[in-house]
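The values are calculated or read from the model by the stated rules, or taken from the named source; none is laboratory data. Note that the structure is a prediction, hence the values are computed from the model and not measured. Here the Cβ positions follow ideal geometry from the backbone for every residue, glycine too, while neighbour counts run over all protein chains shown.
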Amino acid sequence: MVEVLKTALGPLGLGHPVINASGTFDLLEADEVLRADLMAEFPFAAYVPKTVTMEPRAGNDPPRLFETAAGLLNSIGLANRGIEAFIDEDLPRLAALPVPLIASIAGERTDDYGRCALLLDECDRVDAVELNISCPNVELGGMALGCDPYKTRQATEYARESTSRFLIVKLTPNVTDITSLARAAVEGGADCISVINTVHGMALDPLRLKPALGHVTGGLSGPAIKPVALRAIYMISREVDVPVIGMGGATTAQDVLEFLAAGASVVAIGTASFRDPLLAARLAGELRVLMEQRGFGSVRELIGHAHKE
Ligand SMILES: Cc1cc2nc3c(=O)[nH]c(=O)nc-3n(C[C@H](O)[C@H](O)[C@H](O)COP(=O)(O)O)c2cc1C
């Protein structure tokens, strides 16, 4: 990868600043479906698998996806096979992954985050842990927990006590004051904040005029939420002294450039890679051109540019 794009997230060395958003890119599945050797030509600079929980979860009733004018509504509800299957079955298959692996975990109670983090601490393949305290589609834990600064801090502390790995806390935008949650996570021991998870939303089936999603409400992602994400990145990176992973609607290299300038150290792509799973590699190449055009010699120089005099 080109020198100007090389960057780092804490102790993780990255070939470029574009990673995937949890739950939107299943490497093991994509490898089979696309019949491409994605492991060798991995498009993202780090891999974040879907969030896992202590126990397997079936997720919410279908339909779980609905496309809106400028974004996607989902109500998956953290469907996953549980952390044991992740550790015993998925991680061995990811041994040859050429980039850092960031495991994402969620719990129903704050101490679940400690239990999951402890199990992952035994896994050499795991380079960092992201606490998803921001899923809008589960009633227990997730949102309820991630909207409360006290519980945010507590969940982070439990995880911090259980792992020496680089610890990321992923926040929800569905709150009045997102910076107070970022502060609580950093006080609890977070090494990094990632924002944003999806924005609360709803759609009606146009013919039946009934809720389009089985779960009634869902989380909105994609281009519609970019301004919400940009604000969260800007405000949090000004407020706390840890790196920020920015995501929410980033679709083009210009979006990546703006998220970095707003204060993100790394940008995650979610919904946009449903259309093109290899998009991230192209965005990294285009980002290099945009940086050159604007005279940025390194990613470090670009990060937080919007804050500078
Ligand atoms: C279908 C779908 C599933 C998702 N699953 C997860 C998940 O398991 N864990 C998580 O932290 N975020 C999950 N997210 C949220 C994304 O990681 C990301 O924060 C959000 O979609 C905003 O980024 P985007 O607009 O680029 O998609 C999911 C999003 C979508 C669309």
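Among the criteria (1) within 13 Å of the ligand (Cβ to nearest atom); (2) at pLDDT 95 or above; (3) surrounded by fewer than 22 Cβ atoms within 10 Å (Cβ to Cβ); (4) of a type in the set (A, V, I, L, M, F, W, C), the one Ala264 does not fulfil is (3). Within the option set Arg115, Arg125, Arg165, being basic (Lys, Arg), more than 15 Å from the ligand (Cβ to nearest atom) and out of contact with any Leu (no Cβ under 8 Å at 6 or more places or on another chain) holds for one residue only, Arg115.
Hey, can you tell me all the residues within the stretch 6-63 that are hydroxyl-bearing (Ser, Thr, Tyr) and more than 19 Å from Ala96 (Cβ to Cβ)? Of everything in the stretch 6-63, those that are hydroxyl-bearing (Ser, Thr, Tyr) and more than 19 Å from Ala96 (Cβ to Cβ) turn out to be Thr7, Ser22, Thr24, Thr51, Thr53. Please enumerate the residues belonging to the stretch 235-259 that are within 15 Å of the ligand (Cβ to nearest atom), aliphatic (A, V, I, L, M) and over 28 Å from Leu34 (Cβ atoms). Selection gives Ile236, Val244. For the stretch 288-301, enumerate the residues that are assigned to a helix (DSSP H, G or I) and within 26 Å of the chain's Cα centre (by Cα). Of everything in the stretch 288-301, those that are assigned to a helix (DSSP H, G or I) and within 26 Å of the chain's Cα centre (by Cα) turn out to be Arg288, Val289, Leu290, Met291, Val299, Arg300, Glu301.
Residue count for the stretch 212-261 satisfying the condition of being of a type in the set (Ser, Thr, Tyr), surrounded by fewer than 20 Cβ atoms within 10 Å (Cβ to Cβ) and farther than 24 Å from Met291 by Cα: 1. Highlighted here are the strands (runs of 3 or more DSSP E) found entirely within the stretch 1-100 that include at least 1 residues which are within 13 Å of the ligand (Cβ to nearest atom) and under 17 Å from the mean Cα position of the chain (by Cα): 18-20, 71-74.
For the stretch 143-162, the set of residues classified as among the hydroxyl-bearing types (Ser, Thr, Tyr) and surrounded by 21 or more Cβ atoms within 10 Å (Cβ to Cβ) consists of Thr152, Thr156, Tyr158, listed by residue number. Across the stretch 268-287, the qualifying residues are those that are in a helix (DSSP H, G or I) and within 12 Å of the ligand (Cβ to nearest atom), and the one among them that is nearest to Leu220 (Cα to Cα) is Ala272. For first residues located in the stretch 23-51 and at positive phi, partners that are β-branched (Val, Ile, Thr) and lie 6+ apart or on another chain with Cβ distances below 8 Å form the pairs Gly23/Thr51; Gly23/Ile76. Close Cβ contacts (under 7 Å, 6 or more residues apart or on different chains) running from residues in the stretch 79-91 that are without any contact (Cβ under 8 Å) to a residue 24 or more places away in the chain and buried (at least 16 other Cβ atoms within 10 Å of the Cβ) to residues that are in a loop (DSSP other than H, G, I, E, B) and of a type outside the set (S, T, N, Q) comprise Ala79/Ala58; Ala79/Gly59.
Close contacts from the stretch 241-265, counting a first residue that is free of Cβ contacts under 8 Å to residues at least 12 places away in the same chain and a second that is within 13 Å of the ligand (Cβ to nearest atom), with Cβ to Cβ under 9 Å and a gap of 6+ residues or different chains, come to none at all.
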